[in-house]
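Colleague: Structure incoming, see below.
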Amino acid sequence: DTTSHDFSWEIFSFGEHSSSALYDVAIINHNNIWAVGEVFINDSSGGTDPLLYNVVHWDGDSWTLQRAETFFRNSKIVLPLKGIVAFSEYDIWLIGSLPIHGDGNSWTLFDLRTTLDPSIALYHAWGTSSNDIYFAGSSGSMAHFNGRHWEKIESGTDSDIQDIWGVTDGDKKIVACAVTNIYGGGDRKILLYVNGKEQDIFWPSGIQINSLWFYHLYRIFTAGSGIFVNNETGNWRQWPKAPLLYTEKIRGQEINDIFAVGHFGKVSHYNGYTWKIFSEVNADLFYSVSYKYDRVVAVGEKSGKAVILVNK
């Protein structure tokens, strides 16, 4: 069965100074949406440097810029943020090289460079709850938190992990990571863990993987230089009907209801049979998209300002 391509859009922009951008977004419900990145606003108190806002929050009526402050080695800081996972209104993880947990008002940073690895750098996360959450980032950095203890995961790669996604399928917990160095060199592959044990997965060499999404092991959709999908025999094929655009993120609700976003501000939807590119959307680049409860929210940048795209 196919789903509808009938979407209309509204776009919001933020930032007054320097180069602002939003890199990730999480939907808790229609009236509670969080986007993260770096938005620069001129200092109204007379300072010469712009103020960094790293969170934009939707409360059902309007978007509000916020500064999620946390303590790092006895100093209060505001980090540029690259990732977010929200399990509830009061259970939110922000990722800005190091993980930050909070309730929407107060935030606690975990200095894993002191406790796990001095070079760890994390930018993406996926989990079933705050008692079972995985983090991934640059140079193969990976970590797991069980609610009480942190564990470093040896990924076996020095390349950057661009995305992480997972599902629970019966008695299996499947977690996968997209590995690619954006500027070339190193590994280009998928790291796959089933119930915590690394599994081998075949991947055509030379294909850049920026993002992945799936609902079970034998139907993994990847985005980057083309959109690919695997099958039960472990073979991969490029999606022949997919639009030829360089994609940064792919997310879906079902196999016949998938969004991909990326360069040139392109937003495209797969309805189970065809892809549609929404040419009326005007932006330079979308870094991420979240699709939940039939709400689509994409974040990125345009002309030096951060942008949020929402379906009406």
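Colleague: Given N residues in region 155-305, what is its alpha carbon radius of gyration divided by 2.2 N^0.38 Å?
Modeller: 1.02
Colleague: While we're here: With springs only between Cα atoms under 10 Å apart, run a GNM on the chain and tell me which of Asp171, Asp163, Asp91 wobbles the most.
Modeller: The residue with the greatest mean-square fluctuation here is Asp171.
Colleague: Which of these, Lys249, Lys266, Lys241, has the largest mean-square fluctuation under a Gaussian network model of the chain (Cα springs below 10 Å)?
Modeller: In the Gaussian network model the winner is Lys241.
Colleague: A follow-up question, please. How big is the C-alpha Rg of region 232-312 next to the rule-of-thumb value 2.2 N^0.38 Å, as a ratio?
Modeller: In units of the globular-protein estimate, region 232-312 measures up at 1.12.
Colleague: Any chance you could run the full-extension gain for Glu254 through Thr128? It's 0.36 nm times the residue separation minus the Cα-Cα distance, nm to one decimal.
Modeller: That works out to 43.5 nm of additional length.
Colleague: Here's something else I'd like to know. For semi-axes √(5λ) of the Cα gyration tensor in Å, which listed value, [x] 39, 21, 20; [y] 32, 23, 18; [z] 29, 25, 18, comes from the coordinates shown?
Modeller: [z]
Colleague: Among Lys82/Lys266; Lys249/Lys276; Lys172/Lys312; Lys276/Lys302, which pairs are too far apart, with a Cα-Cα distance over 27 Å?
Modeller: In this structure, Lys172/Lys312 lie more than 27 Å apart at Cα.
Colleague: How far is it, in nm, from the label point at His5 to the one at Asn235 when both lie 7 Å from their Cα along the line to the Cβ?
Modeller: Computed distance between label sites His5 and Asn235 equals 2.9 nm.
Colleague: Excluding same-chain residues fewer than 8 positions from Lys305, which aspartates and glutamates have a Cα within less than 16 Å of its Cα?
Modeller: Leaving aside aspartates and glutamates fewer than 8 places away in the same chain, those within reach of Lys305 are Glu10, Glu16, Asp24, Glu38, Asp284.
Colleague: From the phi angles alone, apply the Karplus equation (6.51, -1.76, 1.60; θ = phi - 60°) to region 88-102 and give each ³J(HN,Hα) in whole Hz, x where the residue is Gly or Pro.
Modeller: 6, 4, 10, 9, 10, 10, 10, 10, x, 6, 10, x, 10, 10, x
Colleague: Find the accessible area per residue for the chain; the probe is 1.4 Å, ligands and nucleic acids are left out, and the unit is Å².
Modeller: For the chain, the per-residue accessible area is 45 Å².
Colleague: Turning to a different aspect of this structure: For region 64-80 and region 86-155, compute the distance between their C-alpha centroids and round to whole Å.
Modeller: 16
Colleague: Let me ask something additional. I'd like the Karplus ³J(HN,Hα) series for region 28-34: coefficients 6.51, -1.76, 1.60, θ = phi - 60°, whole numbers in Hz, and an x wherever there's a Gly or Pro.
Modeller: Per-residue couplings from phi come out as 8, 7, 4, 10, 8, 10, 10 Hz.
Colleague: In Å and on Cα atoms, what radius of gyration and Dmax does region 161-203 show?
Modeller: 11.6, 38
Colleague: Mind grabbing the accessible area of Arg295 for me, 1.4 Å probe, Å², rounded to tens?
Modeller: 40
Colleague: Return, for the Cα atoms of region 55-94, the radius of gyration and Dmax in Å, separated by a comma.
Modeller: Answer for region 55-94, Rg first and Dmax second: 11.9, 37 Å.
Colleague: Please identify the chymotrypsin sites (Phe, Trp or Tyr not before Pro) of region 164-199 that satisfy two criteria: DSSP loop assignment and at most 14 other Cβ atoms within 10 Å. Which are they?
Modeller: Qualifying residues, ordered by number: Tyr183.
Colleague: For the chain, what does -39500 (n - 2.57) per DSSP helix run (n ≥ 4), summed and divided by total residues, give at 222 nm, in deg cm²/dmol to the nearest 500?
Modeller: 0 deg cm²/dmol
Colleague: Taking only the alpha-carbon positions of region 108-200 and ignoring solvent, what does the Debye formula give for the base-10 log of I(q)/I(0) at q = 0.14 Å⁻¹?
Modeller: Computed log10 I(q)/I(0) values: -0.48.
Colleague: Using +1 at the C-beta of Lys and Arg and -1 at the C-beta of Asp and Glu, which of Gly186, Leu94, Val78 has the Cα lying farthest in the positive direction of the dipole of the chain?
Modeller: The listed residue farthest towards the positive side: Gly186.
The values are calculated or read from the model by the stated rules, or taken from the named source; none is laboratory data. Predicted, not measured: the structure shown is a model, and the values here were computed from it. Positions of Cβ are backbone-derived with ideal geometry, glycine not excepted, and every protein chain shown enters the neighbour counts. Side chains included, ligands, DNA and RNA excluded: accessible areas come from the protein's heavy atoms. Shrake-Rupley method; radii C 1.70, N 1.55, O 1.52, S 1.80 Å.
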